[in-house]
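Readers should treat all values here as calculations from the given coordinates under stated rules, not as data from a laboratory. These figures come from a predicted structure and were not determined experimentally. A quick note on method: Cβ atoms are made from the backbone with ideal geometry, for glycine too, and the neighbour counts reach across all protein chains shown.
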């Protein structure tokens, strides 16, 4: 069964600090992995998309890494801001366009 | 502005009263999906559509229907809502891009519909 596991479930950091969120998956065959940011009560917004041939992708202060061999990904947030407080969701897709497997998300709280 | 819109945003209804949540996208996307999100369970796919008149079940389709008569619209229908369908619902659409040797799909989500069934 395809699964996506994220850790930690929740994380609290101080403003200005860095943090790293983890995503392990068992989806096979693999096509791409996406990280989303979801503010409370709003729809997820895409941060990065990576295929198996890409091992790092950046979007401003967000940097995602992918190890397709070990089926692990991480999202690194640099110099956190209060607005980074949100849920971060890892989504892994196979080649079939309509199907994706979602992780349960990591809830990040950035405190002043 | 490229966007996915959903209506209504909030809905309180009673058990058994048929309802429809509309979803529309203005990006000419082929693929559209419906998800529900519940605390501790993350986003779960209800139905998806790969093109007009092509729909398929996701992970939790029971109690829901969809239709795709036009490319831009993908309504979610609850024929006889029950309290266990109280949830936050998201519609999403995808385009198709290329990156290296694989296709990547940028997925855009709507703002969500919070449904309460009493």
What residue among A:54, A:96, A:15 shows peak mean-square fluctuation when chain A is described by a Gaussian network model with Cα springs under 10 Å? A:96
Within 10 Å of each Cβ in B:106-117, how many Cβ atoms from other chains are there, averaged over the peptide? 3
Looking only at other chains, what is the average number of their beta-carbon atoms within 10 angstrom of each beta-carbon in B:36-43? 4
What does the structure give for A:43-54 when I average, per residue, the other chain Cβ atoms found within 10 Å of the residue Cβ? 5
Using a Gaussian network model of chain B with C-alpha springs under 10 Å, which one of B:35, B:89, B:64 is most mobile by mean-square fluctuation? B:64
Binning at 10 angstrom from zero up to the longest distance, how are the C-alpha pair distances of chain A distributed in percent? 15, 50, 29, 6, 0
Expected max-MSF residue from B:18, B:94, B:57 in the GNM of chain B (alpha carbon, under 10 Å) is B:18
Pair-distance profile P(r), taking every C-alpha pair of the stretch B:14-104, with 10 angstrom steps and integer %: 16, 46, 29, 7, 2
